[in-house]
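For reference, the structure discussed in these notes is given below.
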Amino acid sequence: MVDIETVAAGGTTGKKLVNEPSDPVLPASSHYKPSSAAGQSAAVSLEKVLTTPAVRKIAKENQVDLTQVRGTGPKGRVLKEDILLYLQNRGRGIPNLPPVSAPVSSPVSAPVSAPASAPTPISAPTPVPVVSGVDQRVPIRGVQRLMVKSMTAALQVQHLTYCEEINFDALKQLRSELKSSMAKRNIKLSYMPLMIKAASLALLQFPQLNATVNSEVTEVVYHANHNIGVAMDTAKGLVVPVLRSVQAKSLAEIAQELQVLQDAALKGTLTEAQLQGGTFTLSNIGSIGGTYAVPVLVVPQVMIGAFGRLQTLPRYVNSRGQPATVEQIEDGEAQVCPATLMNVSWSADHRVVDGATVAKFSNVWKKYLEHPASMLSDLR
Ligand code: CO6
């Protein structure tokens, strides 16, 4: 049961307790009939209303009583858009006014001040239900408290953010080949382990990005181990457990460790040790949604990446299936093909990292993912 307050056209409010969200509360001036009544009488009233056979067909298929649909055509004729609007509103639980000519058998009477012959306004304002309640004062504790601390620290750091688009066509193919064999070993292979391994391989070439900086900003430590934090969404909020020594681990080991951490995060059993010691962070916000996100550094680390949602979009390719140049497009030597794409956004501590280094790192990471076989030559 929900306590709903309604705001009538004149701005006055009323209150009603209702059992279902589909039981809309109306101002006293509304000419509303419950939609269930429409369903019951649909068969009998189809012929009485001025409309077209196409509209009658839609009404019949959707069990709509046409007398309940506001007709906006000449002489109150019900047009196709009228019934489509009615169906759309019915789906959202929004009441629909009956046609001007339809007899109103609603128990709710017309406003006393309105003369009987006064035309019904074409678009009466829809009542806006307002759910009432009491304000709550909630202390910021636990995981949320940690977020306050880490975000306050991040605010001290001048971020730079660099974005890129990655073509996942080859990686998608590779993953589908590996997925079933991994599954036989009880290992779930999402894209994350591949993206984590590619980041670690790229970090071998850019050790200055697998780093932490002291609070006085007088010293940077380039870490030998790639301890990669992975942002995880849990019922209690955002947590960032850490996969240790990724540079020394196989894809299967990374996938297994990720699964262990993800399970613990969801159960709320992550230990402090599992949450500490990160040297680089990745966040796959795209598994929830979004195309781009600007990530915030996990201070004192100097770099973080956020992944957007995988999408299939059209892109120009040349005869070798590679991204076409402007000349190839202009010379008609390119065609538009569907591509599986993902956006990445890298944020870095601009006090100690410059944009060019981030761009070069990103190019290497992109190459590993777009040509995943190239990872093999650099795996240990
Ligand atoms: N696009 C589309 N589909 C995806 C994606 C993206 N980016 N990522 C995963 N998936 C798919 C994935 O392939 C799985 O599909 P199937 O294998 O076919 O089953 C499915 O979604 C479920 O994947 P799952 O989430 O279970 O595993 P994954 O290893 O990809 O991710 C995780 C693990 C722990 C990172 C993830 O579950 C998670 O919690 N993501 C949210 C992280 C988060 O909250 N980040 C926000 C931090 S704040 O970054 C921040 C800048 C701001 C916004």
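With respect to (1) loosely packed, with under 12 Cβ neighbours inside 10 Å; (2) at pLDDT 75 or above; (3) not acidic (D, E), the lone exception for R92 is condition (2).
Report whether or not T212 is crowded, with 16+ Cβ neighbours inside 10 Å, away from the ligand (no atom under 14 Å from the Cβ) and hydroxyl-bearing (S, T, Y).
Values: crowded, with 16+ Cβ neighbours inside 10 Å: yes; away from the ligand (no atom under 14 Å from the Cβ): yes; hydroxyl-bearing (S, T, Y): yes.
Taking the combined requirement at face value, the residue satisfies it.
Yes/no per residue for (1) within 11 Å of the ligand (Cβ to nearest atom); (2) more than 21 Å from T279 (Cα to Cα); (3) among the basic types (K, R); (4) buried (at least 18 other Cβ atoms within 10 Å of the Cβ):
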position	(1), (2), (3), (4)
L160	no, no, no, no
E164	no, yes, no, no
F168	yes, yes, no, yes
E177	no, yes, no, no
K184	no, yes, yes, no
L189	yes, yes, no, yes
M192	yes, no, no, yes
M195	yes, no, no, yes
Q205	no, no, no, no
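Would the range 357-372 turn up any residue that is touching a Lys or Arg at 6+ places or on another chain (Cβ under 9 Å) and under 17 Å from I166 (Cα atoms)? Yes, the range 357-372 contains at least one residue that is touching a Lys or Arg at 6+ places or on another chain (Cβ under 9 Å) and under 17 Å from I166 (Cα atoms).
Number of residues in the range 234-249 that are crowded, with 20+ Cβ neighbours inside 10 Å and assigned to a loop (DSSP other than H, G, I, E, B): the value is 3. Of the residues making up the range 219-238, those that are near the ligand (Cβ under 9 Å from one of its atoms) and touching a strand residue (DSSP E or B) at 6+ places or on another chain (Cβ under 7 Å) are V230, A231, M232, L238.
Just for the range 255-305: of the residues that are among the hydroxyl-bearing types (S, T, Y) and either surrounded by 15 or more Cβ atoms within 10 Å (Cβ to Cβ) or within 11 Å of the ligand (Cβ to nearest atom) (or both), which one is farthest from the chain's Cα centre (by Cα)? So that I can check it myself, show each step before the final result.
If we filter the range 255-305 for residues that are among the hydroxyl-bearing types (S, T, Y), which is where we start, we get 269, 271, 279, 281, 283, 287, 291-292.
When the remaining residues are screened for being either surrounded by 15 or more Cβ atoms within 10 Å (Cβ to Cβ) or within 11 Å of the ligand (Cβ to nearest atom) (or both), the result is 279, 281, 283, 287, 291-292.
On the way: T279: 28, T281: 21, S283: 14, S287: 8, T291: 8, Y292: 11 Å.
The residue in question is T279.
May I ask you to list the residues in the range 155-183 that are of a type in the set (S, T, Y) and within 25 Å of I304 (Cβ to Cβ)? I'd like the intermediate steps shown before the answer.
In the first step, residues of the range 155-183 are kept if they are of a type in the set (S, T, Y); the result is 161-162, 176, 180-181.
Matches in the range 155-183: T161, Y162.
Within the range 306-341, which residues are surrounded by 20 or more Cβ atoms within 10 Å (Cβ to Cβ) and within 16 Å of the ligand (Cβ to nearest atom)? Matches in the range 306-341: A306, F307, G308.
The values are calculated or read from the model by the stated rules, or taken from the named source; none is laboratory data. The shown structure was predicted, so the numbers you read here are calculated from the model rather than taken from an experiment. Backbone-built Cβ (ideal geometry, glycine too); neighbour counts: all protein chains shown.
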